[in-house]
Amino acid sequence: MLATLRNDEHPVMNEPWLERWAEGRIGWHEADGNAALKRHWGASGRRVLVPLCGKSPDLLWLAARGNAVTGVELSELAVQAFFDEHGLAYERKGSVYSARDADITLHCGDFFDFDGEGFDAHYDRAALIALPPALRPAYVRKAGELLTVNCYRLVITLEYDQSSVDGPPFSVPAAEITGYWPELIRIDEQDDLENVPPRFCEAGVTDVREVVWRDAGDRAQAGLSDEPREFASPPCLRHELDPAWSGEDTD
């Protein structure tokens, strides 16, 4: 996976992402959906934001639980593949694709250009881990502009020794997650070594954990403020954004 975001502070990283979709190099895609989502998602009747959604069947799963699902994806190939592979009829208005028989809308474009508000749930399985450390705070700020303060949130990350191999997919430290979203708690983890690119094993990585984060509960009881917060790169981040990343096959 590769970052598909840009803003005035960071170089564009969109072309390698589009190339990977065109060439079918999408090893991060989970054809059966994410098992942790199915175990731990607990919200219905929400407006769910899914950044960098690809063609994930998780969108269908969330909609089937009574949620209105909005995905944002750069690749038009991915957007069209989502509807085609699931046999969903859709209507298209510009860059917006809306399913006729399901409450699912996909916006084809750069996440930083997406304009919306009032989403009260956030599902992130493939966005944060796709982003280099220097770009993640900007992603969190953008998501914060789109989401309500007390939104329901499920975030799935990876943890591994990044001194042995660099992402994507990137390792996201626990301290970084709680720095962005203090209300989240670590609720589950499992071995995910078999799902990472071959170059991880070639570099000697033997432990990769998929980690699930979810809301701790009532913000007031947890002593958390509802005031908007600024996000800067945490001190634990040592890696710099590498605009020269080659986009080589990492599936």
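Coordinate-derived values only; no laboratory data. Just so it is clear, the model here is predicted, and its values are computed rather than measured. No Cβ is skipped: glycine too gets one built from the backbone with ideal geometry, and neighbour counts run over all protein chains shown.
How big is the dipole moment of segment 86-125 about its Cα centre under a simple scheme where the beta carbon of each Lys and Arg is +1, that of each Asp and Glu is -1, and everything else is neutral? Debye, nearest 20, please.
Computed charge dipole of segment 86-125: roughly 260 debye.
Take A216 and D110, extend 7 Å from each Cα along the Cα→Cβ direction, and tell me the distance between the two endpoints in nm.
Rounded to a tenth, the inter-label distance reads 3.6 nm.
At R92 and T148, where each label point lies 7 Å from the Cα along Cα→Cβ, what is the point-to-point distance in nanometres?
Each label point is offset 7 Å from its Cα along the Cβ direction, giving 3.3 nm.
If the cut-off is a Cα-Cα distance under 19 Å, which lysines reach K38, setting aside same-chain residues fewer than 8 apart in sequence?
Output for K38: K55.
If you plug each phi of segment 134-143 into the Karplus form 6.51 cos²θ - 1.76 cosθ + 1.60 with θ = phi - 60°, what whole-Hz ³J(HN,Hα) values come out, in order, with x for Gly and Pro?
5, 9, 5, x, 5, 4, 5, 4, 4, 4
Kirkwood hydrodynamic radius (Cα pairs, Å) of segment 76-193?
16.3 Å
How far apart, in nanometres, would the label points at E76 and C201 be if each is projected 7 angstrom from Cα along the Cα-to-Cβ direction?
3.8 nm
Pick out, in residue order, every one of the trypsin sites (Lys or Arg not before Pro) in segment 26-126 that is DSSP loop and has at most 14 other C-beta atoms within 10 Å; say none if there are none.
R100
Cα atoms only: what Rg and Dmax, in Å, come out for segment 27-68?
Radius of gyration, then largest Cα-Cα span, for segment 27-68: 10.2, 31 Å.
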